[in-house]
Amino acid sequence: MKNNPIPQCPVARGLQSVGDAWSILVLRDAHAGLTRFDQFRKSLGIVPTMLTKRLKALTEDGLLEKRLYSERPPREEYVLTEAGRDFLPVLMMIGAWAHRHCDGELARYIDVESGSDIEPIAIDAVTGAKLGTRSMRMSLQPESEPSDR
């Protein structure tokens, strides 16, 4: 991201952690309850070397952590960290975007308790406004500190 025209862009920084399809799909599967290498490999149809790289990167970036589930032979599983769990709304928003803009029969998100479809939307927690309905800008300074302009 050396050529990033927006210094310290949060989107660019986030993509450094999860910026490829395999990483995002591993996180999707982890949210679905998969934890073991073979489960991820079977679900994704990914070659083992690529999966090893993705799991290593997601672990190094703090989205997954390894846990020993068998001592003999030693076996580890991958579980979501707080950062990994915080990625669920991002996954759901990607899915919601696909429902609106991509062709094909797509799976739906269903609320287990109510049985109804889930329609994710992004809301600003401060104003309560739906994202995309108000103008915005990026700033490196907190709003309480005026800029030198």
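Looking only at region 100-141, count every residue that is part of a loop (DSSP other than H, G, I, E, B) and among the basic types (K, R) and tell me the total. Step through it out loud before you land on a result.
Going through region 100-141, the residues part of a loop (DSSP other than H, G, I, E, B) turn out to be 102-109, 111-116, 118-122, 124-129, 131-141.
Still in the running and among the basic types (K, R): 108, 134, 137.
The qualifying residues number 3.
Of all the residues that make up region 71-80, how many are crowded, with 16+ Cβ neighbours inside 10 Å and under 17 Å from the mean Cα position of the chain (by Cα)?
Taking region 71-80 and keeping what is crowded, with 16+ Cβ neighbours inside 10 Å, we get 76-78, 80.
Narrowing the set further to residues that are under 17 Å from the mean Cα position of the chain (by Cα) leaves 78, 80.
Selection size over region 71-80: 2.
Considering only region 1-70, give the helices (runs of 4 or more DSSP H) lying wholly within it that have at least 1 residues that are touching an Asp or Glu at 6+ places or on another chain (Cβ under 9 Å), open to solvent by less than 50 Å² (accessible area, probe 1.4 Å) and at pLDDT below 95.
So the answer is 10-18.
Considering only region 78-99, I want to know if a residue exists there that is aliphatic (A, V, I, L, M) and in a loop (DSSP other than H, G, I, E, B). Steps first, please.
Let us first name the residues in region 78-99 that are aliphatic (A, V, I, L, M), namely 79-80, 83, 88, 90-94, 96, 98.
Subset that is in a loop (DSSP other than H, G, I, E, B): none.
No, because not a single residue in region 78-99 is aliphatic (A, V, I, L, M) and in a loop (DSSP other than H, G, I, E, B).
The values are calculated or read from the model by the stated rules, or taken from the named source; none is laboratory data. These numbers were taken from a predicted model, which means no experiment stands behind them. Cβ sites come from the backbone with ideal geometry, for glycine too, and all protein chains shown count toward neighbours. For the accessible areas, the whole protein counts, side chains as well, though only heavy atoms, and no ligand, DNA or RNA atoms are used. Shrake-Rupley method; radii C 1.70, N 1.55, O 1.52, S 1.80 Å.
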